[in-house]
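For reference, the structure is listed below as structure tokens.
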Amino acid sequence: MEVIGLLIKKIIKWAGLFILSLNLRESNDVFRRAIIRTFFEPELIKMDYHKSSAKHPLIKDDGLAVENVLHLFFDVVTGNDYPDGDEWFSVEYLIPHNLKLPDSLKGPDYFTTITLSEGKYFWRHRELIRFKYGKSKKLTEALEFINKRYRELIKALEDSSVANHLK
């Protein structure tokens, strides 16, 4: 047995093949990340999203964006909080700028802050996404929701003229 951090993993070498034993949390992370990489990201790219130049302060993976105003990141860790964690992940829509938003765009329906160092902050909106219900997969419905919410948030930013300051 090999101890990695606080997790114990069994690695079995058999005929040159390595088999890694993962706990449930780790296997759910791998599963969610695979669904995102093989379905959600390619489908969003087909919908005019591109790799984001922004870096998220808490999520290490790259994000996507249509306009360089609002950036979309997938949070695979959040699903670990649910008993059926293989069915959930969070999407985080990020404005990676330290700017003032009108009060109409603040709050859980729109944007809350991520506090950074030295008094800086970013704005984010989080959505919990369930992409699988029981035995059936609802990937297309989840994809449509992610895109629809992105478009709604962009429109709200444009209507408040915040987007004009970021372009």
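Brief remarks follow.
- Those strands (runs of 3 or more DSSP E) of segment 88-134 in which 2 or more residues are open to solvent by less than 80 Å² (accessible area, probe 1.4 Å) and among the hydroxyl-bearing types (Ser, Thr, Tyr) occupy 88-95, 112-115.
- Residue match in segment 72-94 (condition: in contact (Cβ under 8 Å) with a residue 24 or more places away in the chain, touching a Leu at 6+ places or on another chain (Cβ under 6 Å) and more than 20 Å from ALA142 (Cβ to Cβ)): no
- Filter result (part of a strand (DSSP E or B) and either modelled with pLDDT of 90 or more or open to solvent by 60 Å² or more (accessible area, probe 1.4 Å) (or both)) within segment 135-167: LYS137
- Criterion violated by ILE59 - all others in (1) open to solvent by less than 10 Å² (accessible area, probe 1.4 Å); (2) under 19 Å from ASN28 (Cα atoms) satisfied: (1)
- Segment 31-56, subset under 15 Å from PHE131 (Cβ atoms) and open to solvent by 90 Å² or more (accessible area, probe 1.4 Å), residue nearest to the chain's Cα centre (by Cα): ARG37
- Condition broken by GLU43, with the remaining ones in (1) among the charged types (D, E, K, R); (2) more than 24 Å from LYS155 (Cβ to Cβ); (3) in a helix (DSSP H, G or I); (4) touching a residue at least 12 places away in the same chain (Cβ under 8 Å) satisfied: (2)
The values are calculated or read from the model by the stated rules, or taken from the named source; none is laboratory data. Computed from a prediction, not measured in an experiment: that's the story for all the values here. Note: ideal-geometry Cβ built from the backbone for every residue, glycine included; neighbour counts use all protein chains shown. Surface accessibility is based on the protein's heavy atoms, side chains included, excluding ligands, DNA and RNA. Shrake-Rupley method; radii C 1.70, N 1.55, O 1.52, S 1.80 Å.
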